[in-house]
Ligand code: FNR
C-alpha cells in the first residue's frame, strides 16, 4: 500500500515496478562486461529460456469469495524467520554492477528482513557484509574448495560473522561454457574478485608467494583449480557437517534421486536449481523438476527453489508445486545496477507486494494454503 499511496501523492518509484522489464533497462545502463556477467547463461541460453517457459506453461486458477483480505506471508525456513518465502540468491562479485556490491544488497535485505545468501565469491569480506547486514538474517553459500584447511577457515569465518545456514552449491564444480563471458575475457569478473573471499582468507593467502593485491593473476590461478574438480563427493558431506554448526542446504539439485540422497545424507534442505540456466545448457527447466522432487522427499528435507523467478505469480507457482521458499537471482542484481541499496530495496518491495496481491487475489491467505490444485497447465 505504501507503493500505491506514494504514487497517489505523486512520488513515483525510483524505476519500473515491472521486474520483467529490468533486464532491458539494465542493458541501457551497464557496459557489455557487467551486463552480460548478469544476463548471460550457458551455451545457447536454452535452459535460461526454458526456466521462463516452464512458468508460462502453468497458470493460477483464482478462487472467489474466500476471505483473503488479510494475508500473512511470514514463514520460517530452517530456523530463520522471514517476512515472506523469499530469499536473495547468492550472486558473486556484485561490485561488478555497483561499487557498493554486497554491502548495498545486505543493507537492503536487512531493512526488509529478507535473508541474504552471501556468495563465496563475494567482492566484500564476510565480516564487512555481516556488519552491513546488522540484525538481518544471513546465510552463507559455499563453493567447496578442495583444500580442507581453506574450507575450514572459510566456514569458521562465516560462522563467526553470524551466518547461520550453509548453502553448498554443487552444480558449479567447474564453470560452464558461457560464450558471453568468454567473448569478453572474464575481465570484469577478475577485477571484481580483487578483494573477495577467499582472496582475503589467511589459509588461501598462505599458498601464495605474493598477496593478491600485488599479483592478482597468481591468486586467480591458485583459486581456479581449488574450486574446480570432482573430488568432492556424497561421502565427503560429513566433513562439512563436522565444520558447520547449523543447517546445511545443497543447491543445484535437479534429480529426485539426488534429492533423496541429500535427505539420506542427513542434509537439512535442498535448492532445486539449475543456476539460472548458467551451467548445463539444454538442461531441464528447474520448475519442471520441482513437483517430482517435492514428491520424492516429502517432509524429510526442506525444498527451496530457484531459476527464473521474476514475479509474484512465479513465487505462487513455485510454492504451489512444493517449494517452501524461493531464491531470486538476476532481478535484484539489476536492482543493484539501477541504484545500489535503494535499487535492491525497490526490487524486493515490488516482488513482495506483487506476491502478496497475487496470493490474495487468487484466494489464499497464507503460502501454506497453496497446493498443486491451485494451478493448471496452460
Ligand atoms: C549466480 N549464481 C550463483 N550461485 C551460487 O551458488 N554462487 C554464486 O556465486 C553465484 N553467482 C551468480 C552470479 C550471477 C551474475 C548470477 C545471475 C547467478 C546463481 C544464483 O544463485 C541463482 O541460482 C540463479 O541466479 C537463479 O536464477 P535467476 O533468478 O537469476 O533466474
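Derivation of every value follows stated rules applied to the coordinates shown; laboratory data play no part. If you're wondering where the values come from, they're calculated on a predicted model, not measured in any experiment. A quick note on method: Cβ atoms are made from the backbone with ideal geometry, for glycine too, and the neighbour counts reach across all protein chains shown.
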Label-point gap, in nm, between residue 373 and residue 160 - each point 7 angstrom along Cα→Cβ: 5.2
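In what sequence do 169, 105 fall when counting other Cβ within 10 Å, fewest first? Mind showing how you got there, number by number?
Details: 169 22, 105 31.
Listed from fewest to most nearby Cβ atoms, that is 169, 105.
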Max mean-square fluctuation residue, GNM over the chain, Cα-Cα springs under 10 Å, options 288, 231, 258: 231
Spin-label model distance (nm) - residue 81 vs residue 220, 7 Å beyond Cα toward Cβ: 4.5
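Which whole-number percent gives the relative contact order of the chain, counting Cα pairs below 8 Å spaced six or more residues apart? Working shown, then result.
On the way: 750 pairs, mean separation 100.5, N = 378.
After rounding, I find 27 percent.
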Hypothetical label at residue 2: residues of the range 67-93 whose amide nitrogen lies under 15 Å (7 Å Cα-Cβ projection): 83-84
Ranked list, fewest to most other Cβ atoms within 10 Å of each Cβ, for 82, 267, 64: 64, 82, 267
The chain: angle of helix 101-112 to the longest principal axis, Cα-based, in degrees nearest 10: 30
Helix 46-56 vs. the chain, principal-axis angle (Cα, 0 to 90°, nearest 10): 20
Scattering curve values for the chain, log₁₀ I(q)/I(0), Debye with Cα scatterers, q = 0.08, 0.10 Å⁻¹: -0.38, -0.60
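How much length would be gained if the chain were fully extended between residue 209 and residue 23, taking 0.36 nm per residue of separation minus their Cα-Cα distance, in nm to one decimal?
Numbers: separation 186, 0.36 × 186 = 66.96 nm, distance 4.13 nm.
That pair, residue 209 and residue 23, stretches by 62.8 nm at full extension.
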Highest-MSF residue in the chain out of 254, 279, 11 [GNM, Cα springs under 10 Å]: 11
Pair residue 366, residue 57: separation of 7 Å Cα→Cβ label points (nm): 3.2
Order of 210, 251 - criterion: other Cβ atoms within 10 Å of each residue's Cβ, fewest first: 210, 251
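Counting only helical runs of four or more DSSP H residues, what would the 222 nm mean residue ellipticity of the chain come to if each run contributes -39,500 (n - 2.57) and the total is spread over all its residues? Write down the numbers at each step before the final one.
Working: 16 runs with 162 residues, N = 378.
Helix contribution divided over all residues of the chain: -12500 deg cm²/dmol.
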Crossing angle, helix 330-361 versus the chain [Cα axis fit, 0-90 degrees, rounded to tens]: 30
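Just to be sure I understand: of the beta bridges DSSP finds with both ends in the chain, what percent are antiparallel, rounded to 5?
Numbers: 6 of 31 bridges.
In the chain, DSSP labels about 20 percent of beta bridges as antiparallel.
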